[in-house]
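See below for the structure under consideration.
The values are calculated or read from the model by the stated rules, or taken from the named source; none is laboratory data. Please read these numbers as outputs of a predicted model, since none were measured by experiment. Here Cβ is always computed from backbone atoms with ideal geometry, including for glycine, and neighbour counts include all displayed protein chains.
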Amino acid sequence: MDADRRERTSGDRLANVPALVVSGIGLVLAGLSLWYLIVIRAYYVSGSLLDPTAAVVLEIIEISLLGGFSFVLVYAGYWLAGSRFGGRRLWWAGLWTLIGLTGIVAIVVLVNSMQLIRGQPLSQPTFVQTILLAAGGGAIAGLLIGVSTVKETVEARRAEQQRDALMFVNELLRHNVLNGMQVIKGNAELLDEHVTEAGQPLLETTHERSESIVGLVQNVRVLVDSVSREKPLRDVELGAVVGRAVSEGRGAHPDAEFEANVPDGLTVRADDLLSAVLENLLSNAVNHNDADRPRVAVGAEPNGESVVLRVSDNGPGIPESEREAYFEAGRQHEASVGQGLGLYLVNTLVERYGGTVEITDNEPRGTTVEVELRRVDG
């Protein structure tokens, strides 16, 4: 155990080496800058080699730049030591700092060497000043590149882990929750003939809740699928998708009236999940409807470079002050037994397609949901 502790301590110390190197560069730069300002710059000023007034202004600028570079590097090392970056990523940031420093300094030395070869004069203060500024600026530039690269790597790794977790949840919902609810629904249907009239309300509640959970699982699976799989968009014929959704809606809600009016040839940019958008809009229009016979009308029309899809119902409507909140996860109608994911799912998918969703009033009664999608020229 002591050996393991010593090994971990040694590893932690090695991991902090890059941070110490970065801070060390800042301290060395600060020391060299003081030497330059006190020894070299003061000598040239005292020897009347520089105009005193101009020298004061120049010194203020130099002190600001060199002091700023030194402070940034010292603090950056402290920040790296306290960051959550792993050992390899810290070394990568430190390596980029050294690359930036040596690269810029090498370029400056090369340029000044070419100047000397051509016989052009080069003052000592100017040369030292340029080297120090190049070292500080190059080190900071390299550090920024290194930290940016490390952050991109960390974010990519985190995104990959999140996708893996979402796919696991998707499989868990499909194999365990959804299959289990199908068994519950089947058993509830078998019990229908054996339950007395007094127990019918309980059985109906079981049916409603099981349908609600199945809908929840299906919506969550669509959300997970849209986030984790990054399906490429393609050209989708809107009329065909609307036709299938309306046909399924009539089968699922025989007491409701559905009407579809979508011109032929309307094509939009979407993917296979566009059907989930239509299914949720139609389901919401019926389930949240208080009319004796729910009526749902689906229409679409071109509008410049877009296609506007409208789903209207004759329900109670949604107050204007509450419409924005209905696009949030978990928000639902007060009389609903659902899970409040329908419009959130619709909005999430439509945003992926580069479109928008808006809730308006339907005349004389009800709600209209307008979905604007990118049009594909036929």
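If you scan region 79-129, which residues turn out to be aromatic (Phe, Trp, Tyr) and either closer than 30 Å to Glu155 by Cα or modelled with pLDDT of 80 or more (or both)? Hits for region 79-129 are Trp79, Phe85, Trp91, Trp92, Trp96. Pairing each residue of region 305-332 that is farther than 15 Å from Val371 by Cα and surrounded by fewer than 21 Cβ atoms within 10 Å (Cβ to Cβ) with any residue that is at pLDDT below 90 and not charged (D, E, K, R), provided the two are 6+ apart or on different chains, yields C-beta distances under 6 Å for Ala329/Tyr344; Gly330/Gly340; Arg331/Ala325; Arg331/Gly340; Gln332/Gly338; Gln332/Gly340.
Apart from one condition, Gly119 fits all of (1) small (Gly, Ala, Ser); (2) free of Cβ contacts under 8 Å to residues at least 12 places away in the same chain; (3) in a helix (DSSP H, G or I); the exception is (3).
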